Amino acid sequence: AKARGGGCYAFCSQELREEAQQKKVLVSGLYRALDKGELVVYYQPQVDAATGNIVGVEALLRWVHPELGFLLPDSFIPLAEQTGLIIPIGEWVLQTACSQLAAWKKKGLRIHRVAVNLSPAQLRDPQLTDKVHKAVEKAGIFPDNLELEVTESAVFQNPDEVIALLQELKKLGMRVALDDFGVGYSSLIRLKMLPVDRIKVDRRFFREIPSNRRDVAIVENIIQLARSINAAVIAEGVENGQQLEFVVDRGCYEIQGYYYYHPLPPEEIEALLLRTQDR
Ligand code: C2E
Ligand code: CA
Ligand code: CA
Ligand code: CA
């Protein structure tokens, strides 16, 4: 790793210049990425550990950049967020995910839930409810086929507004999941007021399970907490059999993690659904 201490002034400023340059290249590319069809949606299965059935998928954005190749969201979502580009991009993800689910259902595949991430900027968009509603209508799916994922931190930046927004979405029939849960330690009182159907345990808690006693306690508490507010709970980032056994032993059966499947392009999901649904 490069030191960023006192004695590296010239070196570091060059590094910063390069970083800023790279950022500029990405931002200008991102403006055109949507129109040029460079953005694609992958889907990661959510599995019922009791049966092995796929019960849902989460839509996860990827960017096939003409020069830089296959980019994961952590390298461009923050830029999309800063520039406001996440608004049109997020709307496109919503539409794409809803019509993808409609297409799978039309082919007779048994899949009833697609989850889509909403960023903090989208939560501040006054037209969000309208856009979500239209995406569902246009695709011709049921509102409860769509689950909207909001992060714990986004909610608690602006709790009153976000609670009102989520209530509106729930009135329209959509589901709500609280993503990356456990990082911000929401107060119980606020959590009780949040209209959430599902809590997603943040994947960083699974890295050292079952050896790290603190993480063990946190995960156990989150599972309990979800139960006490009547929310479903899903474990994200389960990578091995030990982690799976740990959560299943504690009554959490829904799993999204590499142990089962990585995020996959739509045609691979389709093949997978065909293969697994008649078991
Ligand atoms: P997230 O919403 O927490 O999504 C789950 C991330 O965990 C995905 O990373 C997924 O590939 C990864 N993951 C799942 N299982 C495992 C596992 O067993 N081990 C490990 N190490 N990782 C696992 P991905 O696809 O790189 O996405 C990163 C983040 O980018 C997402 O985190 C989400 O915050 C954001 N993102 C992705 N797509 C969208 C989008 O369409 N809109 C917005 N606003 N954000 C998005
Ligand atoms: Ca998510
Ligand atoms: Ca997450
Ligand atoms: Ca995240």
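The values are calculated or read from the model by the stated rules, or taken from the named source; none is laboratory data. What you see is a predicted model, and the numbers here were worked out from it, not measured in a lab. Here Cβ is always computed from backbone atoms with ideal geometry, including for glycine, and neighbour counts include all displayed protein chains. We work out accessible area using only protein heavy atoms, side chains counted, and drop any ligands, DNA or RNA first. Shrake-Rupley method; radii C 1.70, N 1.55, O 1.52, S 1.80 Å.
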Placing each pseudo-label 7 Å from Cα in the direction of the beta carbon, Y258 and Q157 end up separated by a distance in nanometres of 2.9
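What is the percent carbon and sulfur in the accessible area of the stretch 209-279, measuring with a 1.4 Å probe over the protein chains and ignoring ligands? Don't jump to the answer; show the numbers that get you there.
Values: 1730 of 3820 Å².
Accessible surface attributable to carbon and sulfur in the stretch 209-279 totals 45 percent.
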The Cα extents of the stretch 151-279 along the principal axes, largest first and rounded to whole Å, are 43, 39, 22
Contact order relative to length for the chain, counting C-alpha pairs under 8 Å separated by 6 or more residues, stands in percent at 18
If R0 = 22 Å, then F142 and L34, at their Cβ-Cβ distance, give a FRET efficiency to the nearest 0.05 of 0.20
Quick calc: nm separation of the 7 Å Cα→Cβ label points for S75 and K107 -> 2.9
Once the in-chain neighbours fewer than 8 apart are removed, the aspartates and glutamates whose Cα is under 18 Å from K170 read D125, D130, E137, D144, E147, E149, E152, D160, E161, D179, D197
Along the stretch 110-116, Karplus-curve 3J(HN,Hα) (6.51, -1.76, 1.60; θ = phi - 60°) to the nearest Hz, with x for Gly and Pro, reads 8, 8, 10, 9, 10, 9, 10
For K106, the lysines lying under 17 Å Cα to Cα, once residues fewer than eight places off in the same chain are dropped, come out as K138
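Pull out the extension gain between Q21 and I229, defined as 0.36 nm times the separation in residues minus the alpha carbon to alpha carbon distance; nm, one decimal.
On the way: separation 208, 0.36 × 208 = 74.88 nm, distance 4.73 nm.
Full extension of this stretch gives 70.2 nm more.
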Of all DSSP beta bridges with both partners in the stretch 1-155, the antiparallel percent, nearest 5, is 65
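With each run of n ≥ 4 DSSP H residues scored as -39500 (n - 2.57), what mean residue ellipticity at 222 nm is computed for the chain after dividing by its residue count and rounding to the nearest 500 deg cm²/dmol? Mind dumping the intermediate values first?
On the way: 11 runs with 130 residues, N = 279.
Here the helix-only value at 222 nm equals -14500 deg cm²/dmol.
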Rounded to whole angstroms and listed largest first, the alpha-carbon spread of the chain along its three principal axes comes to 58, 47, 41
One computes Rg over Rh for the stretch 231-279 from alpha-carbon atoms, with the Kirkwood Rh, and obtains 1.04
